[in-house]
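Please treat every number below as a calculation from the coordinates, not as lab data. Quick caveat: nothing in here was measured; it's all calculated off a predicted structure. Cβ sites come from the backbone with ideal geometry, for glycine too, and all protein chains shown count toward neighbours.
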Amino acid sequence: MAIPHAASGELIDVQPLGADLRRTVSTTLIRAEHLEVFRFVLPTGKEALDHRVSGAITIQCLEGAVELQAQGQTQVMRAGSLMYLADAEPHAVKALEDSSLLITMLLRRV
């Protein structure tokens, strides 16, 4: 069964999940040839170990707090903060609180 993704022109709700956060799984919202957008849900303590993406990305913290390691430094992202990472920049994320992130990837598919 194919997972439905938003169509061009369709509204997508990316408001904080609040009490539903613990019951929600990460979900791809948009999938196009060179663009992917997904909500990444991380319960407290969960990690996405060091990885990289073939393309530029933005990471926006919608709720909670995460520790983001990139470019040789560790920073805490809280709701309302946004970070841009250049093509193939290694990074890692650890949830300090139950959190959801909006990840936008401009993919460089080969």
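Packing around the peptides 68-76, 54-62, taken as the average count of other Cβ atoms within 10 Å per residue, puts them in this order, highest first: 54-62, 68-76.
Compute the separation of the alpha-carbon centres of segment 72-110 and segment 43-68 and state it in Å as a whole number. Their Cα centres are 4 Å away from one another. Values (1) 70, 36, 20; (2) 37, 35, 25; (3) 49, 33, 21 are given for comparison; Cα extents along the principal axes in Å, derived from the coordinates here, is the one labelled (2).
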